[in-house]
1. Of the residues B:GLN118, B:GLN141, which single one is surrounded by fewer than 22 Cβ atoms within 10 Å (Cβ to Cβ) and either assigned to a helix (DSSP H, G or I) or among the charged types (D, E, K, R) (or both)?
2. List pairs: first residue in region B:226-245 and in contact (Cβ under 8 Å) with a residue 60 or more places away in the chain, second residue acidic (Asp, Glu) anywhere in the structure, Cβ distance under 6 angstrom, at least six positions apart or on different chains.
3. Can you spot a residue in region B:24-33 that is outside the structural domain of B:ARG295 (by TED's automatic domain parsing), over 21 Å from B:ALA143 (Cα atoms), buried (at least 18 other Cβ atoms within 10 Å of the Cβ) and at pLDDT 95 or above?
4. Tally up the residues in region B:151-187 that are surrounded by fewer than 24 Cβ atoms within 10 Å (Cβ to Cβ) and of a type in the set (S, T, N, Q), please.
5. Take B:GLU259 and decide whether it is surrounded by fewer than 18 Cβ atoms within 10 Å (Cβ to Cβ) and in a helix (DSSP H, G or I).
6. Among the numbered criteria (1) hydrophobic (A, V, I, L, M, F, W, C); (2) part of a loop (DSSP other than H, G, I, E, B); (3) closer than 27 Å to B:TYR297 by Cα, which one does B:VAL165 miss?
7. Out of the residues in region B:61-119 that are out of contact with any Lys or Arg (no Cβ under 8 Å at 6 or more places or on another chain) and basic (Lys, Arg), state the one that is farthest from the other protein chains (Cβ to nearest Cβ).
8. I need a count of the residues in region B:291-349 that are of a type in the set (S, T, N, Q) and crowded, with 20+ Cβ neighbours inside 10 Å.
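The values are calculated or read from the model by the stated rules, or taken from the named source; none is laboratory data. Since this is a predicted model, take the numbers as computed values, not measurements. Note that each Cβ is placed from the backbone with ideal geometry, even for glycine, and that neighbours are counted across all protein chains shown.
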Amino acid sequence: MKLTVGAVVKAGTSKVNKTGNWRSFRPVVNKDLCNGCGICTFFCPDSSIQITEKKSNINYDYCKGCGICAKECPQGAIKMEEERT
Amino acid sequence: MSKKAVIEGSMAVAEAVKACRPKVISAYPISPQTHIVEDLAKMIADKELDSTMVRVDSEFSAASVICGASATGVRAYTASSSQGLLLMTEVLFNTAGMRLPIVITGVNRTISAPITIQPDHQDTMTLRDAGLIQLYVENSQEAYATHIQAFKIAEDREILLPVMVCMDGWILTHSFEPVEIYDQELVDKFLPEYDPLYCLDPEKPITYGSYADNEVMEFRYMMQEAMERAKDKIQDVALEYKELFGEYYGGLIEEYRTEGADVIVVAMGSVLGTIKDAVDEMRENGQKVGAIKVRSYRPFPAEELYNAVKDASIIAVLDKSLSIGQGGPLATDTKAAFYNKKAPKVASFMAGLGGREVTKETIKNIVYKCKKALELNIVADMEFVDLRREII
């Protein structure tokens, strides 16, 4: 690796980028309650939620456990659980 | 054809900046910087200058706007003073670290408290470690020249550092002097269009100043090296300017009647006008006195300064700012430059704080004190010139 003037780098070239291990609480989706409305995807500050097969799907590689999705879910389908390592 | 006009120092700066055609200007008004950006805003409104003036809520935002503008690959400019410069501080460190070649006028005014709008160098001196090149000017014509030179120095691929042109508030910005304003064609010939190394583009996304834990040492080293290269660049650009415009104000330093001088007064900024007059009068009386203007404070011209004064007996360093708990920054750096060398004695004088007037008599008194110090072989660490002890 050679350093660039001003520490300028191209997008998507970061090598150590999985930030999910910063999390102390994990959002867990109750798939029975989730109706796939997608509100959680708009609120997630880390863009770590996708709707797949009409259900909320959280990417734990990047979710930092802020809990906004759990707070905003109108169905109460997301609960925060303490991480146990 | 160039034109000569009797104008405010602020207008001279605005004319110079206009001729450099920055694409983005952003500023928040603060005395004594205000007239510069007012003049530029008027030039844009009158369609004399094709640029965007971004009005903002603070100096922090003004610095952020031009930092961002520069990152998109355009020439950008701002100006501020005193508390305004302090509010810009965090952004300026970032801008320097991201190696964005903005130009900023540091219109010198002291720092509160006590609150005052009087000029000294306390504000820009606080920013000396930010990674900015700092050039101090003596008069309005030099302010005009130095702004045009500043963009050329900053944007050089070997340098890529912000340049701050420091000029004494009120003394220069608000006094009227005859100033030669040069043709756009001539300025264009001197200053090519800005050719950025990188630019922000949504199609090809990049990050400036990306995260680094274990490489900070190397990035700082790269900045230090760029500063070292700037020593040559500042001198080259001053000579190029001389060739094209016929004016020269010194490179890193300017020597004034230093041949055979026993005592040399070293200072920065507008006070050099007074010092040169005092030197002339003392020379007429047969005193071997000279003066040196430090034009570039960062990078600090240690070698050039040493070579210029090494044959003198004593040098008087006049500081217009105080590193409280240590002394005058210019004197401190000068002493460091001379250490381990056979050098003249260095006497440090604190003068002109908060706009306290520095007259020819003040300078003659300083020179007299230097001669006395030589006679007695005692040089005081630092002296506050014209200190009113009776009111303390």
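1. B:GLN141
2. B:ARG229/B:GLU158; B:LYS233/B:ASP156
3. Scanning region B:24-33 turns up no residue that is outside the structural domain of B:ARG295 (by TED's automatic domain parsing), over 21 Å from B:ALA143 (Cα atoms), buried (at least 18 other Cβ atoms within 10 Å of the Cβ) and at pLDDT 95 or above.
4. Going through region B:151-187 one residue at a time, the tally reaches 2.
5. Answer is no for this residue.
6. With respect to (1) hydrophobic (A, V, I, L, M, F, W, C); (2) part of a loop (DSSP other than H, G, I, E, B); (3) closer than 27 Å to B:TYR297 by Cα, B:VAL165 is out only on (2).
7. Once the filter is applied, the top-ranked residue is B:ARG109.
8. 4
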